[in-house]
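Read through the structure below, which is laid out as structure tokens, and then see the notes.
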Amino acid sequence: MMKISSQLLFILPLALGIGIAMAFQTAINAQLREYLHSPLQAALLSFLIGTLILACLVYFQGATKPSLSELSQIPWFLWLGGCLGVYAISMSIYTAPKLGFLTFSGLVIFGQLVISMLIDHFGWLGTDKTPINWQRLLGSIVIFIGVLFTLQR
């Protein structure tokens, strides 16, 4: 069981905010698709705006910027995050309006739970190993059953 601390009470709303932001982002990008007639063009515009905002934040951030030689030392698989982002945003723009936003979000959460359990269990990508137990498995099954219920419109 996780110990409740002031740090946890600060972090929980931030994590909840990610879910809220992702639902709004998906709905906004799906509407943007209607104006641009393409999920890829909508994703590109979304990434462009995000990239400009990140560039400004990084520019004004006090952290040291990496050199080209430092960037070349990054393992190849750590560059895949951008590719995964393109897939996630583009496919959310395409699938969410067809599935409905509740079903879409449930499927996304279920997918995150399943792969997160595997990442934790096997310690992939340098994470600490946390074995799959019956509580984690049951929690993901309950989410999946909930998703099945959302298919009934």
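Here are some notes:
- Candidate set: segment 119-137, residues that are of a type outside the set (S, T, N, Q), free of Cβ contacts under 8 Å to residues at least 12 places away in the same chain and open to solvent by less than 80 Å² (accessible area, probe 1.4 Å); chosen: the one nearest to residue 28 (Cα to Cα): 119
- Among the residues of segment 41-48, at least one is within 30 Å of residue 109 (Cβ to Cβ), among the aromatic types (Phe, Trp, Tyr) and in a helix (DSSP H, G or I).
- Enumeration of residues in segment 59-70 that are part of a helix (DSSP H, G or I) and either surrounded by 10 or more Cβ atoms within 10 Å (Cβ to Cβ) or touching a helix residue (DSSP H, G or I) at 6+ places or on another chain (Cβ under 9 Å) (or both): 70
- Test result for residue 21, modelled with pLDDT under 95 and not basic (Lys, Arg): yes
- In segment 103-153, of all residues being in contact with a helix residue (DSSP H, G or I) (Cβ under 8 Å, 6 or more places away or on another chain) and hydroxyl-bearing (Ser, Thr, Tyr), the one that is nearest to residue 20 (Cα to Cα) corresponds to 105.
- Odd one out for residue 151, checked against (1) in contact with a His (Cβ under 6 Å, 6 or more places away or on another chain); (2) open to solvent by 80 Å² or more (accessible area, probe 1.4 Å): (1)
- Taking segment 123-150 as the range and being among the basic types (Lys, Arg) and either in a helix (DSSP H, G or I) or at positive phi (or both) as the test, only 136 passes.
- Taken over segment 28-40, the criterion of being of a type in the set (Ser, Thr, Tyr) and part of a loop (DSSP other than H, G, I, E, B) is satisfied by 38 alone.
For (1) under 23 Å from residue 38 (Cα atoms); (2) open to solvent by 80 Å² or more (accessible area, probe 1.4 Å); (3) under 17 Å from the mean Cα position of the chain (by Cα), each residue gets a yes or a no:
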{"residue": "94", "(1), (2), (3)": "yes, yes, yes"}
{"residue": "106", "(1), (2), (3)": "no, no, yes"}
{"residue": "113", "(1), (2), (3)": "no, no, yes"}
{"residue": "116", "(1), (2), (3)": "no, no, yes"}
{"residue": "139", "(1), (2), (3)": "no, no, no"}
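- One residue stands out in segment 1-58 among those that are charged (D, E, K, R) and closer than 27 Å to residue 95 by Cα: the one that is most open to solvent (accessible area, probe 1.4 Å), namely 34.
- Among (1) among the aromatic types (Phe, Trp, Tyr); (2) modelled with pLDDT of 95 or more; (3) within 28 Å of residue 44 (Cα to Cα) - the single one residue 122 does not satisfy: (3)
The values are calculated or read from the model by the stated rules, or taken from the named source; none is laboratory data. Everything numeric here is computed off the predicted structure, so don't read it as measured data. Note that each Cβ is placed from the backbone with ideal geometry, even for glycine, and that neighbours are counted across all protein chains shown. Just the protein is used for accessible areas: all its heavy atoms, side chains included, with ligands, DNA and RNA removed. Shrake-Rupley method; radii C 1.70, N 1.55, O 1.52, S 1.80 Å.
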